[in-house]
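Structure record follows, encoded as structure tokens.
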Amino acid sequence: MQATEGALVLLSGGQDSATCLAWALDRFARVETLGFAYGQRHLVELSCRAALRDGMAALDAGWSARLGPDHTLALDALGQISDTALTREAEITLGAGGLPNTFVPGRNLLFLTFAAALSTRRTLRHLVGGMCETDYSGYPDCRDDTIKALQVAINLGLDARHVLHTPLMWLDKADTWRLAERLGGPALVGLIRDESHSCYLGDRTHRHDWGYGCGTCPACALRRDGWARYRPRDQDGAHA
Ligand code: ZN
């Protein structure tokens with residue numbers, strides 16, 4: 001653990017960012033969280049954030065002591081300039097280049113830049129995000145090279161020494177569950193399974209062994225397949 005340094009975690013409320021929050025709580029002396037409201041069609045993911053924060057604080061006294069304030073920033077302009085299935089009523093389809101129309105162009109570039117500006121004010125050196133190149137939908141702003149280049153740009157532009165961490169970059173969704181188990185045992189796996197949200201359709205009514213969701217959209221399919229490959233050995237309710 002970097003005992004004296006602080007981190008800002010981009011917490012959307014999904015499985016990946018929830019795992020990143022636990023990873024940061026395991027490592028840094030102070031951890032704050034940041035969420036963005038940008039006109040998402042489904043606010044359910046954002047509403048999962050408090051349950052995940054509270055749940056992790058309840059799991060571990062050390063984590064509770066390190067967990068600092070939550071921040072939310074409204075980025076309405078991102079919704080205005082996007083024409084995607086996340087921000088308006090539309091079918092999720094694959095567009096040119098195989099990118100689903102759930103892609104909000106440049107979303108992570110903007111998120112990380114805003115996060116860096118906030119972390120400067122909060123004196124948090126480390127930024128943590130759930131970007132991943134392994135099980136992803138081809139979003140170019142999730143790529144490792146993009147994040148590395150952005151770290152350079154941010155540090156030049158802010159005259160700072162921020163470190164951008166992407167602990168899931170080379171993990172697939174099964175590995176991400178395994179990381180959660182390593183960080184917080186079956187209790188953390190259960191918390192993330194039940195309180196994080198991935199479904200593109202915002203479905204919180206259908207419960208599966210891998211959590212809530214419609215079960216058919218691309219995000220649910222990724223999550224379901226990852227859970228099937230992870231298969232926790234002895235977890236209360238895991239196979240209910
Ligand atoms: Zn779904």
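A short reminder: the numbers here are calculations on the coordinates, not readings from a lab. These numbers come from a predicted model, not from an experiment. Using ideal geometry, Cβ is built from the backbone for each residue, glycine included, and neighbour counts are taken over all protein chains shown.
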Kirkwood-based Rg over Rh for region 112-218 (C-alpha set), two decimals?
1.04
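Can you tell me how much longer the chain between Arg182 and Thr72 gets when fully stretched, taken as 0.36 nm per residue apart minus their C-alpha distance, in nm with one decimal?
Length gained between Arg182 and Thr72: 36.7 nm.
Rank by packing, highest mean first: peptides 167-178, 144-155, 17-28, with packing defined as the count of other Cβ atoms within 10 Å averaged across residues.
Result, highest mean Cβ count within 10 Å first: 17-28, 167-178, 144-155.
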